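Here's the structure, in structure tokens; my notes come after.
The values are calculated or read from the model by the stated rules, or taken from the named source; none is laboratory data. In this text the structure is predicted, and so the values were computed from the model without any measurement. Positions of Cβ are generated from backbone atoms using ideal geometry, with glycine treated the same way; all protein chains shown enter the neighbour counts.
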Amino acid sequence: MKNLKYYIHKIALVFFMALIFGVSGNINAKAEDISNKYINAVPIMTSNTGPSGIASCDDNWNNTQAYKAFDGVNSYYYNSSYHAWGTHNTKGKLSYEFPQKKVISAYALDYNHSSLTERPKEWTFEGWDGSKWVVLDSRTVTDWQDIDKRIFEINNTTAYTKYQINIASNNGATSYTVNLSIDELELLEKTNNSSISLDKLSMNLNVGESQQLTATTTPASVGVTWSSSDTSVATVDSTGKVTGVKEGQAIITATTADGLTATCTATVTNTSGTSGGNTTPTNSTDNTGGTSTGTDETSTIVNIAHAKGDNTNNAGGEVSIIFHGTADTTLSVVKTADVKEVWVGDKFIYTIVVTNTGSKTAKAVVVNDTAPNHIQFIPSGITTTQGTVDSTSTPSNIVVNVGDIPPSGTVTIKVPVNVVL
């Protein structure tokens with residue numbers, strides 16, 4: 001009977017061990033079954049800041065620094081060195097910051113023969129949105145195996161720069177030098193070959209003109225958001241339609257949900273002679289927009305800046321530049337305001353930049369600017385990098401005697417103003 005009980009005990013023990021290894025094998029098999037969907041986005045770290053990104057933690061013991069959880073070795077101690085992050089505390093935070101935003105769709109915890117009681121029990125996986133941590137996943141795991149890699153898939157389509165595992169408790173260790181550890185943490189991106197491209201690398205458009213950009217993505221269902229590097233030059237709507245606002249260049253960017261981008265350079269010109277662009281020389285006695293002819297005629301370049309607030313009309317400030325020169329000497333004028341909206345009582349500054357874009361010296365250049373409705377110039381506060389403010393200047397009209405401007409020369413005039421009824 002004693003022998004029978006002994007053999008029954010042995011059989012039960014073998015069955016129990018087989019069950020344990022069977023469960024462990026299934027867990028690892030399950031992890032590997034989905035591992036081909038992902039790739040680790042974190043490089044093999046050799047320090048907390050190298051080769052790229054930043055590994056950090058709220059606490060670590062001795063030589064179990066944060067980067068050791070990203071060093072590519074899924075073992076707590078190997079070849080006479082520590083290769084895991086560890087802390088004496090029973091809870092802790094471990095994070096990695098990418099150089100640029102990435103969409104992490106899964107993460108993995110990988111262990112090899114380390115203490116089961118030191119492993120995380122309850123935690124959240126979080127992304128940093130620039131102002132707060134956003135919880136992307138919550139877990140409770142109490143059945144860690146000796147050799148165990150768990151891949152946790154999450155429903156995340158937002159690109160974050162920084163991710164962390166925020167561990168609330170371990171699996172029971174309290175009296176060890178290290179009570180909480182992670183052998184290896186992987187932040188996983190999907191391996192599907194996604195891409196984005198635009199139908200144009202560059203575009204030219206006039207002020208007020210619109211052109212359509214079309215984005216092609218792989219897969220085709222990927223969402224795209226649009227942005228402009230300078231909305232004062234060109235805007236873009238949610239469909240990719242680009243509209244010129246004023247003369248200049250802006251970079252239009254299309255971005256997928258997982259952070260891929262494609263760009264187009266929009267160059268905006270102004271052939272109408274209105275605000276913000278290259279101006280059209282006009283006859284000095286005719287401000288209707290006609291161009292002057294002959295080398296002896298006096299010409300005027302007209303430029304208008306607009307100021308509009310929620311409680312004002314769309315006021316325009318016009319600047320005229322008179323110059324005498326040959327037909328192959330031309331001036332470019334750009335007038336801007338340092339505000340986009342104004343109310344009665346506000347003060348702001350107009351900046352007028354005059355550039356000689358021709359091949360010969362522009363002679364005796366004079367800037368003449370008449371104030372629009374709701375605007376009063378402050379002549380005593382006007383500054384210019386060349387020339388003088390004429391004594392005839394008033395709150396409603398200013399004259400700046402710039403003088404000669406050599407080829408490629410630039411003169412900057414700043415005009416402070418008051419906003420009135």
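Can you name the number of the only condition in (1) of a type in the set (Ser, Thr, Tyr); (2) free of Cβ contacts under 8 Å to residues at least 24 places away in the same chain; (3) more than 21 Å from Ile39 (Cβ to Cβ) that Tyr67 fails?
Every listed condition holds for Tyr67 apart from (3).
Out of the residues in the range 366-384 meeting the condition of being touching a strand residue (DSSP E or B) at 6+ places or on another chain (Cβ under 7 Å) and among the polar types (S, T, N, Q), tell me which one is nearest to Val353 (Cα to Cα). If you could, list the steps in order and put the result at the bottom.
Applying the first criterion (touching a strand residue (DSSP E or B) at 6+ places or on another chain (Cβ under 7 Å)) to the range 366-384 yields 366-379, 381-384.
Of the ones still in play, those that are also among the polar types (S, T, N, Q) are 368, 370, 373, 376, 383-384.
Numbers: Asn368: 13, Thr370: 16, Asn373: 22, Gln376: 20, Thr383: 12, Thr384: 10 Å.
Among them, the one singled out is Thr384.
So which residues in the range 106-136 are outside any strand (DSSP E or B) and either surrounded by fewer than 21 Cβ atoms within 10 Å (Cβ to Cβ) or of a type in the set (Gly, Ala, Ser) (or both)? Working first, answer last.
Residues of the range 106-136 that are outside any strand (DSSP E or B), as a first pass: 113-119, 129-132.
Hits for the range 106-136 are His113, Ser114, Ser115, Leu116, Thr117, Asp129, Gly130, Ser131, Lys132.
Do the conditions hold for Val365, that is, is it touching a Phe, Trp or Tyr at 6+ places or on another chain (Cβ under 7 Å), within 24 Å of Gly248 (Cβ to Cβ), modelled with pLDDT under 90 and part of a loop (DSSP other than H, G, I, E, B)? Show your work before the answer.
Values: touching a Phe, Trp or Tyr at 6+ places or on another chain (Cβ under 7 Å): yes; within 24 Å of Gly248 (Cβ to Cβ): yes; modelled with pLDDT under 90: yes; part of a loop (DSSP other than H, G, I, E, B): no.
So Val365 fails the test.
If I filter the range 155-174 for residues that are at positive phi and touching a helix residue (DSSP H, G or I) at 6+ places or on another chain (Cβ under 8 Å), do I get at least one hit? Steps first, please.
Applying the first criterion (at positive phi) to the range 155-174 yields 172.
From the residues that got through so far, the ones that are touching a helix residue (DSSP H, G or I) at 6+ places or on another chain (Cβ under 8 Å) too are 172.
Yes.
Of all strands (runs of 3 or more DSSP E) completely enclosed by the range 190-287, which ones contain at least 1 residues that are modelled with pLDDT of 90 or more and either polar (S, T, N, Q) or crowded, with 16+ Cβ neighbours inside 10 Å (or both)? Spell out the reasoning first.
On the way: elements: 195-198, 202-206, 210-212, 215-218, 224-228, 234-236, 241-244, 248-256, 261-269, 281-283.
Answer list for the range 190-287: 202-206, 210-212, 224-228, 234-236, 241-244, 248-256, 261-269.
Which number in (1) at pLDDT below 90; (2) assigned by TED's automatic domain parsing to the domain that holds Tyr67 marks the one condition that Ile182 misses?
Evaluating Ile182 over (1) at pLDDT below 90; (2) assigned by TED's automatic domain parsing to the domain that holds Tyr67 leaves (1) as the failure.
Mind listing just one residue for me: the one in the range 137-166 that is among the aromatic types (Phe, Trp, Tyr) and part of a strand (DSSP E or B) and, of those, farthest from Glu118 (Cα to Cα)? Reasoning before the result, please.
Quick first cut of the range 137-166, residues among the aromatic types (Phe, Trp, Tyr) only: 144, 152, 160, 163.
In the following step, the residues that additionally are part of a strand (DSSP E or B) were identified as 152, 160, 163.
Values: Phe152: 19, Tyr160: 29, Tyr163: 22 Å.
For the range 137-166, the residue satisfying everything is Tyr160.
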